[in-house]
1. Kindly establish whether residue 28 is surrounded by fewer than 17 Cβ atoms within 10 Å (Cβ to Cβ) and in the same structural domain as residue 81 (by TED's automatic domain parsing).
2. Please go through the stretch 51-76 and give me each residue that is hydroxyl-bearing (Ser, Thr, Tyr) and either at pLDDT 95 or above or touching a Ser or Thr at 6+ places or on another chain (Cβ under 9 Å) (or both), ordered by number.
3. Restricting to the stretch 17-65, what's the tally of residues that are touching a residue at least 60 places away in the same chain (Cβ under 8 Å) and not in a helix (DSSP H, G or I)?
4. Considering only residues that are in the same structural domain as residue 164 (by TED's automatic domain parsing) and under 14 Å from the mean Cα position of the chain (by Cα), look in the stretch 75-101 and name the one that is surrounded by the fewest Cβ atoms within 10 Å (Cβ to Cβ).
5. One residue is enough: does the stretch 165-173 have a residue meeting the conditions under 24 Å from residue 77 (Cβ atoms) and among the charged types (D, E, K, R)?
6. Run down 12, 72 and say which single residue is among the aliphatic types (A, V, I, L, M), buried (at least 16 other Cβ atoms within 10 Å of the Cβ) and within 13 Å of the chain's Cα centre (by Cα).
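The values are calculated or read from the model by the stated rules, or taken from the named source; none is laboratory data. The structure presented is a predicted model; accordingly, all values stated were derived computationally and were not measured. Don't worry about glycine lacking a Cβ; one is built from the backbone with ideal geometry, like all the others, and counts go over all protein chains shown.
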Amino acid sequence: MLSPRITMASVLSILRLALVPALLVLAAGGRQAAYSAVLAIAFATDVADGYLARRLGQASVLGARLDSAADLALFLSIPPALALLFPEWWRGHRAVTLAVLALALGSDALAFLRLRRLPSYHTWAWKLAGSLLAVYVVALLLGRASDWLFFAAVGAATLAALEEIVITFTLRQWQRDVKSLWHVRRSILEERASGSRALF
């Protein structure tokens, strides 16, 4: 039996987190086929954990934190793995990749400094960026990558990180599963309107 706090969705997030060291070892050994297979499993757990959490009513603060930690670890592991597997690709894309990584990490750092917790927003923008990144990495592993897809993923990640920064400074307190900045602002406006009605 699982602990009431450790759900099936959380187990998938933990599995994704545990796969990160294996991915780096496989990349370091130049085992591209094995890396591709394990990465596909990691991407699948990313899709499945959120689905199960919603479908089974297992959404929780712990689950959101585990999901965010696993997402961040996987996100950070991909550039060094690609650098090991595709040195020529890395030389041509290193500067842009590192800039986006720095922006994403900076966004998380700002959230931690202001709200005392790492963000678990799971915004639509980051889901789009993550999907584009996954498609690009798969295309690269299959030898069919194109730069337009790379820059589409980079652009989406940049916009997602910037939106996350604005969300961090808009929220009054830490909140999980924030769909977008628009949803945050709408919630604040509704609270203000509700407070105004209560005065009359």
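1. Details: surrounded by fewer than 17 Cβ atoms within 10 Å (Cβ to Cβ): yes; in the same structural domain as residue 81 (by TED's automatic domain parsing): yes.
The answer is yes for residue 28.
2. Going through the stretch 51-76, the residues hydroxyl-bearing (Ser, Thr, Tyr) turn out to be 51, 60, 68.
Within the stretch 51-76, 60, 68 qualify.
3. Here the count works out to 1.
4. The extreme case among them is 101.
5. no
6. Values: 12 fails: within 13 Å of the chain's Cα centre (by Cα).
It is 72.
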